[in-house]
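**Student:** Could you have a look at this structure, given as structure tokens, before my questions?
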Amino acid sequence: MENDKIRVVIIDDHPLVREGLRKILEFNKKLIVVDEAGDGQGAINIARKIKPDIMLMDINMPGINGIEATRVIKREFPEIGIIALTINQDEEYVFELVRAGVSGYVLKDIEPDKLIETIETVADGNSVIDSCITAKLFGEINRLSRLRKDKERWETLTERETDVLQLMAKGYSNKEIGRGLNISEKTVKNHITSIFRKFEVDDRTQAVLFAIKHHLVVL
């Protein structure tokens, strides 16, 4: 029965790619290709018209690209499973598509059987990320986590600690910092100790390098 089949839409700006994918998918009795389009706006229109089960979505297309189309479709129809089918392994694309709501991300050189398996998996409500992309995805997540952690470290600096850090970066001694800020040398040392603790560093050089890296001081 056609009603029991997984309804698939192919979105790609190359007619030959669409034709090739259609032939591959139509060999499987569990799938039916119900429509196709060559750009993101076409994908959005089809989603609104027939609400397919799965959309195979290219990324780089004229006009509205795959990422933008995915955002719109998932916002309006979160139940539609979108699989990014692309030649691109760039971390930024991967992360943006995951954030946009894709349920699958596979490369265009995927084996036909693996593609069909991916479609069935996503149709069951699960996610599939190509193994060669997974490491990049986690790498990007870890990078953002480190940036977030670094930001948390410097956001706790007090205004006075920021003043001390600025003078440290300019090479001032504790005595010179105290004189410049009109505080005691002991107070300067306390501020520096607090900066070391918040930055998780052991000395002035590391503290200054951290501050320069994150644009916390003006040299």
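So that you can scan it fast, the table gives a plain yes or no per residue for (1) within 18 Å of Ala84 (Cα to Cα); (2) surrounded by fewer than 20 Cβ atoms within 10 Å (Cβ to Cβ):
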| site | (1), (2) |
| --- | --- |
| Lys5 | no, yes |
| Ile11 | yes, no |
| Ile24 | yes, yes |
| Ala37 | yes, no |
| Ala43 | yes, no |
| Arg48 | no, yes |
| Met61 | yes, no |
| Gly66 | yes, no |
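**Student:** Could you give every pair whose Cβ atoms fall below 8 Å, whose first residue belongs to region 91-116 and is over 17 Å from Ile80 (Cα atoms) and aliphatic (A, V, I, L, M), and whose second residue is in a loop (DSSP other than H, G, I, E, B) and open to solvent by 80 Å² or more (accessible area, probe 1.4 Å), counting only separations of at least 6 or pairs across chains?
**Tutor:** Sorted first by the residue in region 91-116, then by its partner, the pairs are Leu107/Ile87.
**Student:** Could you check region 116-126 and list, in sequence order, the residues that are surrounded by 16 or more Cβ atoms within 10 Å (Cβ to Cβ) and either touching a Gly at 6+ places or on another chain (Cβ under 9 Å) or over 16 Å from Lys5 (Cβ atoms) (or both)?
**Tutor:** Thr118, Ile119, Thr121, Val122, Ala123
**Student:** Moving on to the next point. Could you check how many residues of region 26-48 are within 29 Å of the chain's Cα centre (by Cα), part of a helix (DSSP H, G or I) and not β-branched (Val, Ile, Thr)?
**Tutor:** Total satisfying the criteria: 7.
**Student:** Give me a count of the residues in region 91-113 that are part of a helix (DSSP H, G or I) and surrounded by 14 or more Cβ atoms within 10 Å (Cβ to Cβ).
**Tutor:** Total meeting the criteria: 9.
**Student:** Find all pairs meeting these conditions: Cβ atoms under 8 angstrom apart; at least six residues apart or on different chains; first residue within region 29-42 and within 17 Å of Leu16 (Cα to Cα) and touching a residue at least 24 places away in the same chain (Cβ under 8 Å); second residue among the hydrophobic types (A, V, I, L, M, F, W, C) and in a loop (DSSP other than H, G, I, E, B).
**Tutor:** Taking only residues 6 or more apart or on different chains, the pairs are Gly38/Met61; Asp39/Met61; Asp39/Ile64.
**Student:** Right, something else. For the condition in contact with a helix residue (DSSP H, G or I) (Cβ under 8 Å, 6 or more places away or on another chain) and at pLDDT 75 or above, what is the one hit in Leu219, Leu115, Leu209?
**Tutor:** Unique residue meeting the criteria: Leu115.
**Student:** Counting only residues that are β-branched (Val, Ile, Thr) and free of Cβ contacts under 8 Å to residues at least 24 places away in the same chain, which one in region 161-183 is least open to solvent (accessible area, probe 1.4 Å)?
**Tutor:** Ile177
**Student:** How many of the residues in region 184-219 are open to solvent by 90 Å² or more (accessible area, probe 1.4 Å), among the aliphatic types (A, V, I, L, M) and not in a loop (DSSP other than H, G, I, E, B)?
**Tutor:** 1
**Student:** Here's another thing I want to ask about it. Across region 68-85, what is the total count of residues that are open to solvent by 20 Å² or more (accessible area, probe 1.4 Å) and either outside any helix (DSSP H, G or I) or touching a residue at least 60 places away in the same chain (Cβ under 8 Å) (or both)?
**Tutor:** 3
The values are calculated or read from the model by the stated rules, or taken from the named source; none is laboratory data. Note that this is a predicted model, so its numbers are computed, not measured. Note that we place each Cβ from the backbone using ideal geometry, even for glycine, and neighbour counts take in every protein chain shown. For accessibility, only protein heavy atoms count, side chains too; no ligands or nucleic acids. Shrake-Rupley method; radii C 1.70, N 1.55, O 1.52, S 1.80 Å.
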